[in-house]
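Below is one structure; the comments refer to it alone.
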């Protein structure tokens, strides 16, 4: 493992050294994802069955999912296992990103970034869990309940996988709103007071985003928009806390200003100059 470097980095360090460091970190990311995938692959079919459980529970008696392509029974669970391996390896991937950028950060920035990485990972998992356990059952019940008479619901397994992966990403990213809010305030792009003043526009915006990222039904749109609104309010609260603690931290990290030159020192300077 590469030993951490001190800040600031040596300006004479060649670009090749940084590229080698980046390559090593990316190889570690790939190795971590591969190990998780190898561990999950023997259970690929069981994992896909678990993924399809919210839909299968709502299908009429005797109905099943279908595979319309020859290789779908193998490739679809394989694809889901690969994506699942990446999801489970996200903490390891973000840790490698952190180790790569940490040497170029100040001490107070390192204290800020590491908790944000941990919290963003947990929020992403929370968004996916919310989609699976809350949104999927209600949404599939609505879809199946509106099926016209004489139409048999037989969902293709690959189409279903593409559909739920989009929702996983949508809800996972939507739950990152507190992190995005804190980062914008921390970077000085906005302030909590300005965000509160724009609350009506943000409420309309989250419902528009819910309409664009979810299927065209009011249930899934609302189930995405309301958590986004709540998470925005939490982001504003935590950003206020961060600002209240920032002055003390900044005073500790900034070097003391030199005292103003005295009159005697100024006279000595002019005498030496003459």
Of all residues in the stretch 192-220 being touching a residue at least 12 places away in the same chain (Cβ under 8 Å) and outside any helix (DSSP H, G or I), which is nearest to the chain's Cα centre (by Cα)?
-> 214
Output the qualifying pairs, or none if there are none: Cβ atoms under 8 angstrom, residues six or more apart or on different chains, first residue in the stretch 232-250 and modelled with pLDDT of 85 or more, second residue assigned to a helix (DSSP H, G or I) and loosely packed, with under 15 Cβ neighbours inside 10 Å.
-> 235/180; 236/196
Taking the stretch 104-116 and keeping only residues that are at pLDDT 75 or above and under 23 Å from residue 19 (Cβ atoms), one is left with 113
Identify, from the list 122, 88, 82, the residue that is loosely packed, with under 15 Cβ neighbours inside 10 Å and at pLDDT 90 or above.
-> 122
Looking at 49, 81, 76, 68, which is the one that is in contact with a helix residue (DSSP H, G or I) (Cβ under 9 Å, 6 or more places away or on another chain), within 22 Å of residue 166 (Cβ to Cβ) and free of Cβ contacts under 8 Å to residues at least 12 places away in the same chain?
-> 49
Kindly establish whether residue 61 is at pLDDT below 95, within 20 Å of residue 137 (Cα to Cα) and surrounded by 13 or more Cβ atoms within 10 Å (Cβ to Cβ).
-> no
Pull up the stretch 91-110, narrow it to residues that are free of Cβ contacts under 8 Å to residues at least 60 places away in the same chain and in contact with a helix residue (DSSP H, G or I) (Cβ under 8 Å, 6 or more places away or on another chain), then point me to the one that is nearest to residue 61 (Cα to Cα).
-> 91
From the options 133, 175, 169, residue that is within 20 Å of the chain's Cα centre (by Cα) and surrounded by fewer than 14 Cβ atoms within 10 Å (Cβ to Cβ) | 133
Within the bounds of the stretch 144-160, is there any residue that is free of Cβ contacts under 8 Å to residues at least 60 places away in the same chain, within 24 Å of the chain's Cα centre (by Cα), at negative phi and surrounded by 15 or more Cβ atoms within 10 Å (Cβ to Cβ)?
-> no
Looking at (1) outside any helix (DSSP H, G or I); (2) over 21 Å from the mean Cα position of the chain (by Cα); (3) at pLDDT 55 or above, can you tell me which one residue 259 breaks?
-> (3)
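The values are calculated or read from the model by the stated rules, or taken from the named source; none is laboratory data. Not measured: the values here are computed from a predicted model. Counting neighbours? That spans all protein chains shown, and the Cβs are built from the backbone with ideal geometry, glycine included.
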